[in-house]
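Okay, so here's the structure we're looking at.
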Amino acid sequence: MASEGLAGALAAVLGGQGLSVHSCDSEPAGEPLAPVRLRKDVCYVVLAVFLNEQDEVLLIQEAKKECRGSWYLPAGRMEPGETIVEALQREVKEEAGLHCEPLTLLSVEERGPSWIRFVFLARATGGILKTSKEADAESLQAGWYPRTSLPTPLRAQDILHLVELAAQYRQQARHPLLLPQELPCSLVCQRLVATFTSVQTVWVLVGRGGMPHLPITACGFTPMEQRGGIKMAILRLLQECLTLHHLAVETKGLLGLQHLGKDNADGICLNVLVTVAFRNPGMQSEPPKVRGENFFWWKVMEEDLQSQLLQRLQESSVVPVNR
């Protein structure tokens with residue numbers, strides 16, 4: 001029964017779906033974590049990349065005093081009570097005058113758990129492009145520009161990589177279409193699909209607390225965890241059950257994103273694909289030994305799940321997470 005439940009959970013996560021977060025298997029040392037709040041503990045930013053059939057990019061001209069007149073992709077901070085998609089649609093309407101729908105999450109950028117930006121590939125569904133006559137505090141105007149000849153000055157060069165990422169995705173999708181799942185979460189946390197592979201066999205790390213489950217680690221807001229980024233929470237959980245000095249741990253990227261935003265549920269859960277391997281594999285064909293009784297390695301026997309996992313791992317078919 002435990003294996004059937006785990007198989008269903010893994011299938012859901014690999015399919016980009018969400019799973020409820022009831023508790024965490026690892027938390028930072030110190031006082032119990034309180035629910036996070038936008039504008040208090042966390043800042044979430046949404047950003048949209050639009051590419052039309054003419055290979056043009058939608059840009060907006062900034063109105064803010066510190067960057068007035070420069071150009072950027074439509075972006076802005078989420079407000080309390082919004083879902084991620086609602087925030088994206090509001091920002092695009094305010095800054096560019098267009099209605100839109102997100103097609104997929106392209107990447108997630110973070111500066112520690114307190115600042116996270118969600119980058120989407122999106123398409124326009126209506127509205128009227130904002131002109132200089134409609135200039136306001138949100139933006140001066142919006143326009144479509146050739147991807148290879150963007151206007152200057154740009155507010156920042158970071159958008160060049162995002163535009164190219166969108167173009168590459170349109171040409172050949174690296175990961176399946178992925179949109180946020182609207183599920184409540186009180187913390188910034190990560191659900192791990194932590195894998196060990198050997199000769200076409202895959203093991204997944206499982207937490208024992210309650211029913212066997214994919215482990216969840218809460219992100220902390222100490223200076224160390226802020227500096228180290230969200231990967232610190234992953235390493236903390238793995239250190240609690242594995243001897244890491246002879247292991248190589250790699251965060252591949254996201255399989256899913258969960259957030260609600262309603263009812264003061266400002267937390268997020270990132271479903272993350274992680275690999276664990278021996279630094280010197282030698283003849284090692286079994287996963288590293290687990291210390292303690294809180295976790296164990298589950299050998300994935302279902303052929304479909306095993307092939308899905310191997311494909312996602314071999315092709316890095318995940319949403320990238322960047323610092």
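With respect to THR243, determine if the residue is of a type in the set (Ser, Thr, Tyr) and either under 24 Å from GLU182 (Cα atoms) or surrounded by 15 or more Cβ atoms within 10 Å (Cβ to Cβ) (or both). The answer is no for THR243. Being aliphatic (A, V, I, L, M), surrounded by fewer than 18 Cβ atoms within 10 Å (Cβ to Cβ) and not in a strand (DSSP E or B) is a property that ALA166 lacks.
Within segment 283-302, can you find the residues that are outside any strand (DSSP E or B) and either β-branched (Val, Ile, Thr) or closer than 15 Å to TRP203 by Cβ (or both)? Steps first, answer last, please.
Pass one, segment 283-302, residues outside any strand (DSSP E or B): 283-294, 300-302.
Across segment 283-302, the qualifying residues are GLN284, SER285, GLU286, PRO287, PRO288, LYS289, VAL290, VAL300, MET301, GLU302.
For every residue, the table says whether it meets (1) touching a residue at least 40 places away in the same chain (Cβ under 8 Å); (2) farther than 30 Å from LYS40 by Cβ; (3) among the charged types (D, E, K, R); (4) outside any strand (DSSP E or B).
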residue: GLU86; (1), (2), (3), (4): yes, no, yes, yes
residue: VAL92; (1), (2), (3), (4): yes, no, no, yes
residue: HIS99; (1), (2), (3), (4): no, yes, no, no
residue: ILE116; (1), (2), (3), (4): yes, no, no, no
residue: ASP136; (1), (2), (3), (4): yes, no, yes, yes
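Would you check if there is a residue in segment 19-35 being surrounded by 15 or more Cβ atoms within 10 Å (Cβ to Cβ) and closer than 21 Å to ARG117 by Cα? Taking every residue of segment 19-35 in turn, none turns out to be surrounded by 15 or more Cβ atoms within 10 Å (Cβ to Cβ) and closer than 21 Å to ARG117 by Cα. Across segment 169-197, the number of residues qualifying as surrounded by 14 or more Cβ atoms within 10 Å (Cβ to Cβ), assigned to a loop (DSSP other than H, G, I, E, B) and among the hydrophobic types (A, V, I, L, M, F, W, C) comes to 5.
Might you check whether a residue that is outside any loop (DSSP other than H, G, I, E, B), without any contact (Cβ under 8 Å) to a residue 12 or more places away in the chain, farther than 23 Å from LYS289 by Cβ and among the aliphatic types (A, V, I, L, M) occurs anywhere in segment 226-237?
To start, the set of residues in segment 226-237 that are outside any loop (DSSP other than H, G, I, E, B) comprises 226-228, 231-237.
Within this subset, residues satisfying the condition of being without any contact (Cβ under 8 Å) to a residue 12 or more places away in the chain are none.
No, segment 226-237 contains no residue that is outside any loop (DSSP other than H, G, I, E, B), without any contact (Cβ under 8 Å) to a residue 12 or more places away in the chain, farther than 23 Å from LYS289 by Cβ and among the aliphatic types (A, V, I, L, M).
So, ASN280, is that one more than 17 Å from the chain's Cα centre (by Cα), free of Cβ contacts under 8 Å to residues at least 40 places away in the same chain and in a loop (DSSP other than H, G, I, E, B) or not? So ASN280 fits the description; yes. Residues that are of a type in the set (Gly, Ala, Ser), touching a strand residue (DSSP E or B) at 6+ places or on another chain (Cβ under 8 Å) and under 26 Å from ARG323 (Cα atoms) within segment 86-143 comprise ALA87, SER107, SER114, ALA122, listed in sequence order. When GLU315, GLU286, GLU293 are checked against the criterion of being among the charged types (D, E, K, R) and within 25 Å of the chain's Cα centre (by Cα), GLU315 stands alone in meeting it.
If I filter segment 251-259 for residues that are open to solvent by less than 30 Å² (accessible area, probe 1.4 Å) and either at pLDDT below 95 or in a loop (DSSP other than H, G, I, E, B) (or both), do I get at least one hit? Within segment 251-259 (the criterion being open to solvent by less than 30 Å² (accessible area, probe 1.4 Å) and either at pLDDT below 95 or in a loop (DSSP other than H, G, I, E, B) (or both)), the answer is no, since none of the residues qualifies.
What do you reckon, is VAL13 over 21 Å from GLN226 (Cβ atoms), buried (at least 21 other Cβ atoms within 10 Å of the Cβ) and in contact with a strand residue (DSSP E or B) (Cβ under 7 Å, 6 or more places away or on another chain)?
no
Here's the yes/no breakdown for (1) closer than 26 Å to ASP266 by Cα; (2) surrounded by 13 or more Cβ atoms within 10 Å (Cβ to Cβ); (3) of a type outside the set (A, V, I, L, M); (4) at pLDDT 95 or above:
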{"residue": "ARG117", "(1), (2), (3), (4)": "yes, yes, yes, yes"}
{"residue": "GLY126", "(1), (2), (3), (4)": "no, no, yes, yes"}
{"residue": "ALA137", "(1), (2), (3), (4)": "no, no, no, yes"}
{"residue": "LEU160", "(1), (2), (3), (4)": "no, no, no, yes"}
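This table checks each residue for (1) touching a Gly at 6+ places or on another chain (Cβ under 6 Å); (2) within 19 Å of VAL319 (Cβ to Cβ).
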{"site": "PRO212", "(1), (2)": "no, no"}
{"site": "CYS219", "(1), (2)": "no, yes"}
{"site": "PRO223", "(1), (2)": "no, no"}
{"site": "GLN226", "(1), (2)": "yes, no"}
{"site": "GLU240", "(1), (2)": "no, no"}
{"site": "LEU255", "(1), (2)": "no, yes"}
{"site": "ALA265", "(1), (2)": "no, no"}
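Considering segment 198-216, the residues that are at pLDDT 95 or above and not in a loop (DSSP other than H, G, I, E, B) include one that is most open to solvent (accessible area, probe 1.4 Å), namely HIS213. Among the residues of segment 171-221, those identified as of a type in the set (S, T, N, Q), over 17 Å from ALA7 (Cβ atoms) and touching a strand residue (DSSP E or B) at 6+ places or on another chain (Cβ under 7 Å) are GLN181, GLN190, THR217.
Mind telling me which of the residues ARG191, ARG147, ARG174 ends up being in contact (Cβ under 8 Å) with a residue 12 or more places away in the chain, of a type in the set (Lys, Arg) and closer than 14 Å to LEU73 by Cα?
Exactly one residue qualifies, and that residue is ARG147.
The values are calculated or read from the model by the stated rules, or taken from the named source; none is laboratory data. Not measured: the values here are computed from a predicted model. Positions of Cβ are generated from backbone atoms using ideal geometry, with glycine treated the same way; all protein chains shown enter the neighbour counts. The accessibility values were calculated without ligands, DNA or RNA, using every heavy atom of the protein model including side chains. Shrake-Rupley method; radii C 1.70, N 1.55, O 1.52, S 1.80 Å.
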